[in-house]
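This report concerns only the one structure given below.
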Amino acid sequence: MRTFDLAPLYRSTVGFDRLFSLVDQLAGHDGNVPGYPPYNIERTGENAYRISVAVAGFAENELNIEAKENTLTIRGEKAKTEDQRAETLYRGIAARTFERVFELADYVQVNGAKLEHGLLHVDLVREIPEAKKPRRIAIDNGNGNGNGKFVEAKAA
């Protein structure tokens, strides 16, 4: 019987889920390890990112993408069809229900999503508000005329 649950760690550590899957396998718990579907996270620009999830066999209406606060959730559920034209002898293309949860950094917003060639691409953009961006501050030289030097702050 499983005495510990690593599921909360999967959601908060994007990119480290392989490490936790390995820990689960070593402990003999391969049951509900969130290793499906596989995904990539790419940086496509200075403030742009893309998550690509392999969802072969799923149609657009069988996928659900939800962004709430700093969490992006991608769910897939195959529609049940009773009309089967052929008997399946071997099923290698997974068609099971899945849910992938990604923790997003502050100011990261979902820009759009598209499904092409069995991959679901979710585009993300980081938009820092003006109030949080670095700004120039005037240094007063003490004579009261306000014509001091400017110091420019740089982003960390």
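Once the Cβ-Cβ distance of Glu99 and Glu42 is raised to the sixth power relative to R0 = 30 Å, the FRET efficiency obtained is 0.90. When each of the peptides 110-118, 85-93 is scored by how many other beta carbons lie within 10 Å of its residues on average, the order from highest to lowest is 110-118, 85-93.
Just so you know, all these numbers are worked out from the coordinates, no wet-lab data involved. In this text, all values refer to a predicted model and were calculated from it rather than measured experimentally. Here Cβ is always computed from backbone atoms with ideal geometry, including for glycine, and neighbour counts include all displayed protein chains.
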